[in-house]
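Down below is the structure, laid out as structure tokens.
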Amino acid sequence: MHWLLILFLFLAGCSGNTDQKSKVDLYSEQGILLLGNGTEPSGIDPHIVTGVPEHKILLALLEGLVIFNPQNNGVLPGVASEWVISEDGLTYTFIFNPEAKWTNGESVKPEHFVYSWKRILSPELGAQYADMLYVIKNAESFHKGQIKDFSKVGVSVFENKLVVTLENPTPYFLNILTHYSTWPVHPETVEKFGGMTSRNNKWTRVNNFIGNGPFKLDSWEINKSLKVSRNDLYWGNDSNKINGIEFLPIDNELTQDRLFRSGGIHLANTVPTEKIIRYREERPKELVEHNYFGTYYYRINTNKSPLNDVNFRKALSLSIDRDLIVKSILKGNQKVSYSFTPPDENSYNPSTKLEFNPVKAKLLFKESGYDINNQPLEVLYNTSEGHQKIAQAIQEMWKKHLGLNVILTNVDWKVYLARETQGEFDISRAGWIGDYPDPFTFLDMMVTDRGNNKTGWSNARYDEILNNAASQISTTKRYELYEEAEKILIDELPVIPLYTYTRTYLLSERVKNWQKNILDTNPYQFLSLE
Amino acid sequence: MIQLILKRLFTYIPVLLVVVIITFLMIHAAPGGPFDAERVASPEIIEKLNEAYNLDKPIHVQIYNYLFNAIQGDFGPSFKYPGRTVTELIMSGLPTTIELAIYSILFAIFLGVISGLVASLNPGKILDIVPMSISLLGICIPSIILGPVLVLIFGIWYEVLPVYGWGDNPGDKILPTITLGTAYAAIFARLTRGGMLEILGQDYIRTARAKGLSEIRIVIVHALRGGILPVISFLGPAIAGLLAGSFVVETIFQINGVGRFYVQAAFNRDYTMILGTSILFTFMTLTFVLISDIMASFLNPTLRDSGGLE
């Protein structure tokens, strides 16, 4: 043991940095943000990547026609300084900000958006987010190879303006444009380093990258850090108080937590569940908790007996005590779900209810005629302690209130995804985070044969309502139709919503103007450091 | 000797070939594919992606193509990181992983050999029992536990060492090195003790003592050379084990080494990356075992004479 003691005394003697400023202190003085950013980004090509860490980086490097407004979930002018919407809601004309520049000094032009959207919609690129642009006239047909001529797609340039024609009036079209898949790439750079549809294009390398966002790419060391610094050519620099950002790929939440506590990062993007209560008590100003536009639910395979019986599904839902799950297991201020789409008091707030009623559950369960001696049903989830705890609680509730036996199966992420897609499951845990703040991003998923439906459920009336809603210009009327669809979903329960996600993370008090919004998006040019 | 080394190098080919083929078959048999995602892509997109990465061809054609390209040094593009090649990703992390392994092995040899030496010179006494008990503990505590405990003590409670990174802050290499090296230090201590006890009982040591040589001279000049042989023989597998096992330490301390790719690739079904890292670790294991065999035969002429390399 002596050597340990000697080593410790030596280190204590030579380091002794307890009085020194932490990295966060030093970087704050220089106006540089240090962000814990989850996993290593798979890339920074906005038309290929699909994850949250990638989104956080692209938010610094590129800018779309509009910017997400972190205060009210709406939009602010971006590359487009203004826009005109036709009376029928089908045509959007974007007028470009003459000050919007690429990092090489060139102006961002409408033609660059035409190229970019052609790129993401080209089937050869294999872009997984191409369907975000399906609201544009003929975009889906072009993407599916049914038409080859891109000039037939509803995007064109007229008198230096970008004119977009939609399939249907889509009042949330501007919200869609805050998604990175709609952001532009610099055509000449893309062509130079691999061509429009090459997935192995090298245009995103540090020395090649040309962006149009508030920051420019400085360095990128894999699994270490990605650094950006203020783009002096950015049109909105007057309000930008951040000089640079360092994105640190830290996928281990305990490491991230330790680093935050030792003053190594301004933001730890997750908090270990078991530490939430302690943070709430000891460091409440640094713990941030707010609603998130996501639902945690159980997906039911309605192609299988007895799960094809609506009474059986209702019995399952009625015997789940959601309050208990939220308060005793999750403990992260999550809200119990009463609808599939997370409610928003200021916009879409459906009146559907999901009650906990074991008596009614038992009656419906009997009506379904299910024999509890049958082979037990399986609940499938991807390996995670959190999912396991919830599954165990629900297993217990179904056993207690219905006498139903279920077995729990945890598998690794890719196996879980493959089994869900192939329909090889009875009940599986699922979660969905909205891509833009509109109920459509949830409700559209349950339309017959949608890839993400995965339940086998189909309801002609539901499909019809969603179809009708798409042609409504009035948001009030559209929300009424959505609510009608939502009622069908909650009445038939191909999915059993459990709770609305909460974002919980640690944020240094030095970061100012941070907004708690349901998409958890804060464009960095609106932040400041103290 | 050179002939024997060449012979051993020649065996690399069938070993690597078998590793590639088995890995290829295993990853394709595993459920789930590289393009499975929570947001399901349409069948048309999956088809395009399979085409882009040559996954639409029969498996034997894929293996042939892979081997053909691999021989020329092209290990393909990563599926998970579009725009980057496997070679490029491996090379971005390999120097760090090797550096971590070297520091850890030096730490393990230094601590292990000294403890083993002290223990062997005091058999049955407190200086034997204490280091050997601690070494047993060192073998038993996995790095996944030891790392966070060290971080808690030195990084958070006393704030004397950084808890993150590699080469970014002074002293940030200390905790990862200790975390990775401790288990091997413990093994080396036990191997040294065993080896030394055996040698110290040999006739030539008794002769040396009878001649009146000092104990230090006997131990350092005469006994250590033979006593340390088990350590040398174990060095190869130890370094290979350190490299392959470095992913835990790399994850705990967020070190940008190649070990993390090894594990992440399997979870991501990044086929080319799995193959690339498997080939790399197989190659390194074979090479380090060969090197430790060569070192052992230099230290022990009987091994050299009897063709111990084989």
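The values are calculated or read from the model by the stated rules, or taken from the named source; none is laboratory data. Since the structure is predicted, the reported quantities are computational estimates derived from the model, not experimental observations. Cβ placement follows ideal geometry from the backbone for every residue including glycine, while neighbour counts extend to all protein chains displayed.
Structural remarks
- Selection within region A:187-226 - of a type in the set (V, I, T) and under 19 Å from A:N104 (Cα atoms): A:T189, A:V190, A:T204, A:V206, A:I210
- Residue check, A:K414 more than 14 Å from chain B (Cβ to nearest Cβ) and either within 30 Å of A:V271 (Cα to Cα) or at pLDDT below 95 (or both): no
- The residues listed here are B:G83, B:G147, B:G76; of these, the one that is closer than 21 Å to B:A266 by Cα and either in contact with a helix residue (DSSP H, G or I) (Cβ under 6 Å, 6 or more places away or on another chain) or of a type in the set (F, W, Y) (or both) is B:G76.
- Consider region A:62-92 and keep the residues that are of a type in the set (S, T, N, Q) and assigned to a strand (DSSP E or B). The one that is farthest from A:Y172 (Cα to Cα) is A:S81.
- If you go through region B:1-32 and keep only what is more than 21 Å from B:M284 (Cα to Cα) and in a loop (DSSP other than H, G, I, E, B), you end up with B:A30, B:P31, B:G32.
- Flag for A:A460 being touching a residue at least 40 places away in the same chain (Cβ under 8 Å), of a type in the set (G, A, S) and farther than 30 Å from B:H28 by Cβ: no
- Note on region A:237-257: among residues that are β-branched (V, I, T) and more than 17 Å from A:L527 (Cβ to Cβ), the one that is surrounded by the fewest Cβ atoms within 10 Å (Cβ to Cβ) is A:T255.
- Under the condition of being crowded, with 23+ Cβ neighbours inside 10 Å and either more than 9 Å from every other protein chain (Cβ to nearest Cβ) or more than 16 Å from B:N256 (Cβ to Cβ) (or both), the residues counted in region B:156-167 number 1.
- Just so you know, in region B:168-181 the residues that are over 18 Å from A:V24 (Cα atoms) and in contact (Cβ under 8 Å) with a residue 40 or more places away in the chain include one that is farthest from the other protein chains (Cβ to nearest Cβ), and it is B:L180.
- Within region B:247-259, at least one residue is without any contact (Cβ under 8 Å) to a residue 24 or more places away in the chain and within 14 Å of chain A (Cβ to nearest Cβ).
- Any hit, region A:107-119, residues being within 14 Å of chain B (Cβ to nearest Cβ) and modelled with pLDDT of 95 or more: yes
- Residue tally, condition in contact (Cβ under 8 Å) with a residue 40 or more places away in the chain and out of contact with any Leu (no Cβ under 8 Å at 6 or more places or on another chain), over region A:387-396: 3
Here is a yes/no grid of residues against (1) within 24 Å of A:T270 (Cβ to Cβ); (2) at the interface with chain B (Cβ under 10 Å from one of its Cβ atoms); (3) part of a loop (DSSP other than H, G, I, E, B); (4) at pLDDT below 95:
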site	(1), (2), (3), (4)
A:W3	no, yes, no, yes
A:F10	no, yes, no, yes
A:S42	yes, yes, yes, yes
A:D45	no, yes, yes, no
A:V49	yes, yes, yes, yes
A:L58	yes, no, no, no
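- Filtered residues of region B:60-91 (kept if away from every other protein chain (no Cβ under 14 Å) and either among the charged types (D, E, K, R) or more than 31 Å from the chain's Cα centre (by Cα) (or both)): B:H60, B:V61
- Candidate set: region A:12-40, residues that are away from chain B (no Cβ under 12 Å) and either exposed (fewer than 13 other Cβ atoms within 10 Å of the Cβ) or part of a strand (DSSP E or B) (or both); chosen: the one modelled with the lowest pLDDT: A:K21
- Residues located in region A:283-300, provided they are closer than 16 Å to A:K331 by Cβ and within 14 Å of chain B (Cβ to nearest Cβ): A:Y296
- Residue match in region A:111-126 (condition: surrounded by fewer than 16 Cβ atoms within 10 Å (Cβ to Cβ), in contact (Cβ under 8 Å) with a residue 40 or more places away in the chain and outside any loop (DSSP other than H, G, I, E, B)): yes
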